[in-house]
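Just below is one structure, and these are the notes that go with it.
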Amino acid sequence: MKLTSRHQQLLHRTFIDYQATAEFLENPLIIERAEGLYLWDIEAKRYFDAIGGIFVAVLGHRHPRVMEAMRRQMERATFVPPLHSISDVTLDLVEKLGDIAPENLTFGKPFSGGSEAVEAGMKFARQYHKQSGHPGKYKFVSRYHGYHGGTFGGLAASGTGPRKSKFEPQMSGFVKVFPPSHYRDRFASWEEANRFAAQAVRDVIEHEDPETVAGVIVEPIGNTGGIITPTHEYFQILRDACHQHNVTLIFDEVITGFAKTGRMFAAQTFGVTPDIICTGKGISSGAIPLGAMIARQDMAAAFSGPPGSNVQFAHGHTFAGNPLACAAGLAVIEEILEKDLCAKAERLGSYLASRLECLRKLGVVKEIRGKGILRGVEFSQPTLGVALKKTALQNGIILRIDPSWFAVAPPLIAEESDIDEMYGLIEKSVVDAIALAGL
Ligand SMILES: Cc1ncc(COP(=O)(O)O)c(C=O)c1O
């Protein structure tokens, strides 16, 4: 099917996420079919999905195990009354999330995506402090360049200037610090920049008055900014500062979750246990909207009391814990565990990194970063990504592209030969972008 004038008209009746319609219309991509590593547009052109949609399809698109689990669940129940009940499969997913999360993070609640999980995590932290003798703790420390969702709370925690400023005034009570990458060129080493950035978090907590600070929320690896990968020590300093001041450490693992970094969560990759993990994207491999908040079980004790006391976490969404979505999430996690896809992410990630290193011969690479199959390439030419956006689509590859960097996170069903194919498309696209940009 060709792109018709009807499609063109309809594109003016909706919008594409974070993109101007006029820009999208220069190269409109309307997808008809997705399977495994590939997408096909309505003109039957095939695209290698090198980012699993947007860090989502960890098992590729329409994985048979996930499809089958959803089919079976459709024969049982697709919705249960949320104010009166919970579905059996929701409880199964809660149990499974507790099994795979670090230490005592076993209090879980599935939602319909990353933003809902982040909102719940922050509300949980605020209410927790109110109910555990520290009612003055309400502020969150988060980072410039971070992204935590498109809702007002997530946006307030985010540090992406132009995306936020259009919706000011923001929710109050959010204090920003810079990520380690901000100090990269001011210190002799990446380690020192990380130490300084982590120490700044402690300083901010102390200068804000710790009795007013509820939480610190960070993405373990920052997507916005180009897969910014801190040191282990960075997280250790954050963890110690939060322990010292009774501040809830929230890891937004919406991107880093579900095996991409070589462990189920980046918390395990970095060897630091936060108090709350917010997750989304990869949890359903894109089969259906799903996210989850996973919190320390002992924090949950602050939300229960004797019958009649009405002590509760005052939160909910109509589709939270949706049985069909939970069935998909369970199938994804079981597949990751059975096939040991965490180990594969580490193995395949090393191979992927070695292939990306070959881009250096083109003379436009500043840095290559990441863990597991989550990798980012920063350009020494700060606007090359603008041309790459065009050439990647022309060459049939979907990447996460910003003007100065691009990122990949291929599905874990890929083998080395697929990584070779993907790399070939990337190299050709970068070569074409260099020509297009006249460099
Ligand atoms: C780190 C992070 N947190 C939260 C979100 C919000 O998730 P969702 O778009 O599923 O609401 C995103 C989305 O890109 C994200 O990257």
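The values are calculated or read from the model by the stated rules, or taken from the named source; none is laboratory data. Keep in mind that what you see is a predicted model, and the values were worked out from it rather than measured. Here the Cβ positions follow ideal geometry from the backbone for every residue, glycine too, while neighbour counts run over all protein chains shown.
One table, with the values for the structure above:
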{"item": "Pick from segment 77-130, criterion in a loop (DSSP other than H, G, I, E, B) and within 16 Å of the ligand (Cβ to nearest atom), ranking: farthest from Gly321 (Cα to Cα)", "result": "Gly113"}
{"item": "Residue that is modelled with the highest pLDDT, among those in segment 154-170 that are more than 11 Å from the ligand (Cβ to nearest atom) and closer than 18 Å to Cys278 by Cα", "result": "Ala156"}
{"item": "Any hit, segment 248-256, residues being crowded, with 24+ Cβ neighbours inside 10 Å, within 16 Å of the ligand (Cβ to nearest atom) and either modelled with pLDDT under 95 or on the phi > 0 side of the Ramachandran plot (or both)", "result": "no"}
{"item": "Residue in segment 38-59 that is touching a strand residue (DSSP E or B) at 6+ places or on another chain (Cβ under 6 Å) and free of Cβ contacts under 8 Å to residues at least 12 places away in the same chain present", "result": "yes"}
{"item": "Test: residue in segment 138-151 that is loosely packed, with under 15 Cβ neighbours inside 10 Å, modelled with pLDDT of 95 or more and more than 16 Å from the ligand (Cβ to nearest atom)", "result": "no"}
{"item": "Residue check for Val216: at pLDDT 95 or above, buried (at least 17 other Cβ atoms within 10 Å of the Cβ) and not in a strand (DSSP E or B)", "result": "no"}
{"item": "Ser304, sole failed condition from (1) surrounded by fewer than 24 Cβ atoms within 10 Å (Cβ to Cβ); (2) within 16 Å of the ligand (Cβ to nearest atom); (3) hydroxyl-bearing (Ser, Thr, Tyr)", "result": "(2)"}
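Residues are listed down the side, and each one gets a yes or a no for (1) modelled with pLDDT under 95; (2) polar (S, T, N, Q); (3) away from the ligand (no atom under 15 Å from the Cβ); (4) in a helix (DSSP H, G or I):
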position	(1), (2), (3), (4)
Met264	no, no, yes, no
Met293	no, no, no, no
Val311	yes, no, yes, no
Gly316	no, no, yes, no
Ile333	no, no, yes, yes
Cys358	no, no, yes, yes
